[in-house]
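The values are calculated or read from the model by the stated rules, or taken from the named source; none is laboratory data. These numbers come from a predicted model, not from an experiment. Because the Cβ atoms are built from the backbone with ideal geometry, glycine has one as well, and the counts that use them run over all protein chains shown. What goes into the accessible areas is simple: the full protein's heavy atoms, side chains included, and nothing from ligands, DNA or RNA. Shrake-Rupley method; radii C 1.70, N 1.55, O 1.52, S 1.80 Å.
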Amino acid sequence: MAKAFKYGLKGITGFLEPAERELLRSLFDDVVSMLEPGDSGSQDPLAALIGLDMDVREPSDRALRRLLPNVMKDDGAASLEFRQLTERSLRETKIGALRAASLDLDKDELVLAAADARHWSMALNDVRLVLAERLDIQDEADADHVHQMQDWSQAEDVESYLALVYNFTTWLQESLVQAMLQSMESRP
Amino acid sequence: MTLSVALGPDTRESTQTGTAASTDTLTAPDIPWNLVIWNDPVNLMSYVSYVFQSYFGYSETKANKLMMEVHKKGRSIVAHGSKEQVEQHAVAMHGYGLWATVEKATGGNSGGGKSGGPGKGKGKRG
């Protein structure tokens, strides 16, 4: 079993079983492949260099739309214009955090410096946002319902398996964030 | 948001870490914009508070207060500034996975995240 993250003399530490590391690695990789921009062969190289993407559109996939939300509630045109300026670098930020977390999975014991922990918390959060869309968690009642699912022996279909994975990543992120808050408190 | 356990005592003062240096802009400084964070059933309450503390440098007390406002009222204004400033914050919030939007302040909103606005209950997804 995984051990909760904790803050101590070595910094933030955690422990994951090989199967848990494999699971997290594939989750991180899945979200990376969702976020990798599509084939933009027509992309103006200069625009690409400075991070502009004039071909970008609001994502049709709900999970991706949650990862890359509109910046204005009721102004699609202004949101799209903003997306053209910022979405590429936002995708890169997220991919960077997911890849960094994935690299840390090479060892049994996780020892995370402050920046690593931040990447992990962002990566776990994005994984949870995607799983939540797949599980159709729309409100707190849905979240409570999914949270009931704690027994791996009950995992008999894709949805219950996803619910267990969601609950595992929730538990892991919660323990990580508590350790990060503790490390912030004890900073001079 | 999802409930977290064991929020610590609210004794810590603000620590500034993640806030990018703001650059001067040429837009009219007297047109304020708001950064709004919306509730969702996924983000952990502890994580939202952590982001407010580490990115904005808010004290634990202030971060938790804003986090609870998001949770209970469905949304909260967590920062003000020029359009460019709040847009920069919004991208950072999206990087953390928080659901953030920007909006023009509708007058009288100088209360540092005080005004809850018309948000009711759970945020609908947009």
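Only one residue in A:Ala114, A:Ala100 is at pLDDT below 95 and closer than 17 Å to B:Gly95 by Cβ. Which one?
Details: A:Ala100 fails: at pLDDT below 95.
Of A:Ala114, A:Ala100, the one residue that is at pLDDT below 95 and closer than 17 Å to B:Gly95 by Cβ is A:Ala114.
Condition (residue is open to solvent by less than 50 Å² (accessible area, probe 1.4 Å) and acidic (Asp, Glu)) applied to segment B:64-78: is it met by at least one residue? Within segment B:64-78 (the criterion being open to solvent by less than 50 Å² (accessible area, probe 1.4 Å) and acidic (Asp, Glu)), the answer is yes, since at least one residue qualifies. When segment A:112-139 is filtered for residues that are surrounded by fewer than 19 Cβ atoms within 10 Å (Cβ to Cβ), in a helix (DSSP H, G or I) and touching a strand residue (DSSP E or B) at 6+ places or on another chain (Cβ under 9 Å), the ones remaining, listed by number, are A:Ala114, A:Asp116.
Quick test for you: out of A:Gln148, A:Gln138, A:Gln182, A:Gln178, pick the one residue that is more than 22 Å from A:Pro18 (Cα to Cα), without any contact (Cβ under 8 Å) to a residue 12 or more places away in the chain and within 11 Å of chain B (Cβ to nearest Cβ). Give the steps one after another, and end with the answer.
On the way: A:Gln148 fails: within 11 Å of chain B (Cβ to nearest Cβ); A:Gln182 fails: without any contact (Cβ under 8 Å) to a residue 12 or more places away in the chain; A:Gln178 fails: without any contact (Cβ under 8 Å) to a residue 12 or more places away in the chain.
Exactly one of A:Gln148, A:Gln138, A:Gln182, A:Gln178 is more than 22 Å from A:Pro18 (Cα to Cα), without any contact (Cβ under 8 Å) to a residue 12 or more places away in the chain and within 11 Å of chain B (Cβ to nearest Cβ), namely A:Gln138.
Answer yes or no: is there a residue in segment A:86-108 that is of a type in the set (Lys, Arg), farther than 29 Å from A:Ile12 by Cβ and surrounded by 15 or more Cβ atoms within 10 Å (Cβ to Cβ). Looking for residues that are of a type in the set (Lys, Arg), farther than 29 Å from A:Ile12 by Cβ and surrounded by 15 or more Cβ atoms within 10 Å (Cβ to Cβ), one finds at least one in segment A:86-108, hence yes.
Within segment A:57-83, residues that are in contact (Cβ under 8 Å) with a residue 12 or more places away in the chain and closer than 14 Å to B:Val91 by Cα have Cβ atoms under 9 Å from residues that are of a type in the set (Lys, Arg) and surrounded by fewer than 13 Cβ atoms within 10 Å (Cβ to Cβ) in these pairs: A:Leu80/A:Arg57; A:Arg83/A:Arg57, counting only partners at least 6 apart in sequence or on another chain. Here the condition is being at pLDDT 95 or above, in a helix (DSSP H, G or I), surrounded by 13 or more Cβ atoms within 10 Å (Cβ to Cβ) and among the aliphatic types (A, V, I, L, M); of A:Val32, A:Val71, it holds for A:Val32 alone. Taking the listed residues B:Leu26, B:Leu66, B:Leu98, the one that is modelled with pLDDT of 95 or more and assigned to a loop (DSSP other than H, G, I, E, B) is B:Leu98, with no other qualifying.
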